1. For the chain, what does the convex hull of the Cα positions come to per residue, in cubic angstrom?
2. Using the basic label-point model (7 angstrom from Cα toward the beta carbon), what is the N169 to I56 distance in nanometres?
3. Relative contact order of the chain, please, whole-number percent, based on alpha carbon pairs below 8 angstrom and at least 6 residues apart.
4. Starting from the Cα-Cα distance between I280 and E200, subtract it from 0.36 nm times their residue separation and give me the gain in nm to one decimal.
5. Using only DSSP helix segments of four residues or longer, with each worth -39500 (n - 2.57), what per-residue ellipticity at 222 nm results for the chain after dividing by its residue count and rounding to 500?
6. Could you compute the net charge surrounding Q195? Neighbours are other residues with a C-beta less than 14 Å from the C-beta of Q195; K and R count +1, D and E count -1.
7. Calculate the radius of gyration of the Cα atoms of the range 227-406 to one decimal place, then report Dmax, the largest Cα-Cα distance, as a whole number, both in Å.
8. Non-local amide H neighbours of T201 (under 5 Å, H modeled in plane, Pro and chain starts lacking H): which ones?
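The values are calculated or read from the model by the stated rules, or taken from the named source; none is laboratory data. These figures come from a predicted structure and were not determined experimentally. No Cβ is skipped: glycine too gets one built from the backbone with ideal geometry, and neighbour counts run over all protein chains shown. Protein only, heavy atoms only, side chains kept; ligands, DNA and RNA dropped before computing areas. Shrake-Rupley method; radii C 1.70, N 1.55, O 1.52, S 1.80 Å.
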Amino acid sequence: MNEKGSLLRNIRNNIRYYVTGNVGILLLTWFLYAIGNALTIPYFSIYLKMLGANAIDIGLTYSISIIAQLITVIPGGYLTDTLGRRLSIIIGTWLITITSFLMVIAPNWQLLAVFYAINMAAAFYQPALLAILIDSLPRDRYASGILITSILPQIPWLVLPPIGGFLINKYGLLGIRFAYLISSIISTIVAVIRQLAIKETLNNKLSKASLREFLHSYYLLRNIINLPSDLLITYISALIIAIAVMPVNTLLSIYVVYKLGLSTVYWGYLVSISYAAYIIIGIFLMFYVDKYRNKLLISGIIINTVGSAIGLLENAYSTIGYLLLLQIGTQLAMTAIQSKLGSSISIDRRGYGMSMLIVFQLVGQTIGSYVTGELYKVSTGSIFLIPLILSLSSIMMISLYRMKLNR
């Protein structure tokens with residue numbers, strides 16, 4: 001009983017630590033966002049298709065939208081380190097809220113794609129979110145803090161995706177528009193909470209940003225070639241992982257509904273089942289990730305490799321395995337990458353460092369979404385083969401780099 005009581009107290013103390021201050025606000029607002037996202041994100045490709053888009057159109061929509069965010073996220077890092085984390089987050093959240101309402105009323109897939117691209121561009125404040133999270137965590141809790149704020153807000157994904165599928169199955173286009181309306185209302189609530197509750201963590205922020213320095217932030221990309229080798233490997237790993245997960249994000253729902261012949265409700269259940277297992281495993285790992293942080297990256301990539309190989313069986317059960325293992329593997333790898341950057345980059349340059357991470361991810365997503373759309377025409381199995389090849393390549397790259405260090 002004493003051991004059990006001690007374990008429960010340890011769990012309560014850890015959870016309590018992460019539900020206060022900025023970390024708690026991020027947890028709450030990410031949880032609220034997840035409610036709307038769980039109803040809509042699994043069906044965005046289907047929304048496009050219902051409005052007349054084909055597989056190539058869908059791939060291009062994702063690619064163009066990611067490029068739009070790429071253009072804004074680079075100066076977003078500059079704004080994070082000058083105007084501060086709080087103001088960047090508030091402005092970006094309100095812009096996303098406005099564009100979310102526009103997505104509800106899109107009359108055709110072309111305008112839906114435009115609204116989605118603007119919505120993505122409004123996410124320029126992502127470096128501020130990552131920076132304020134790291135700023136608000138002690139150094140020895142980076143990995144667990146990143147993991148728990150990634151896992152707990154995903155609880156709505158356990159039950160809501162089938163509801164989104166039901167709305168589409170029963171009401172068609174009207175059903176998916178209603179789901180997006182709910183998501184937009186929730187986004188409004190998030191914007192209000194963040195405006196009232198987020199606290200600034202950057203003490204030396206400037207009173208105003210300089211247009212010259214704002215534009216100069218694009219030129220700073222040249223610093224990529226001068227990065228220390230360990231940081232460069234970290235960023236390249238993020239790039240490869242981003243390419244590898246795009247088949248899931250863009251066309252897996254199309255594969256399940258139109259290739260396997262399953263209903264949108266069934267697809268919603270698949271998403272919920274995978275998230276349930278993902279959350280349970282993530283909570284268990286939370287107590288170990290800080291201790292084994294140096295092994296998280298390679299472990300996550302190996303899990304991705306196994307998941308992709310299982311997906312090649314191309315049936316409903318293998319698709320569940322593929323979806324689950326890619327979620328777990330990708331989260332472990334990204335936890336390792338973000339905690340590594342948090343440890344290596346000073347607080348006054350953290351916005352820039354996190355924007356660089358997002359740049360690499362967005363470039364990877366752009367490449368991945370386009371390649372996925374093109375290869376899916378040739379073979380539906382490409383959505384499993386792409387991440388398998390990339391995961392094996394990542395393992396080889398990291399192994400060669402570590403061998404070089406040990407010489």
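1. 144
2. 3.3
3. 28 percent.
4. On the way: separation 80, 0.36 × 80 = 28.80 nm, distance 3.24 nm.
Result for the pair: 25.6 nm of gain on full extension.
5. The per-residue figure over the chain is -26500 deg cm²/dmol.
6. Details: positive: R85, R86, R194, K199; negative: E200.
Around Q195, the charge tally is +3.
7. Rg, Dmax (Cα atoms, Å): 16.7, 52.
8. Residues meeting the criterion, in which the H sits 1.01 Å from N, are R85, R86.
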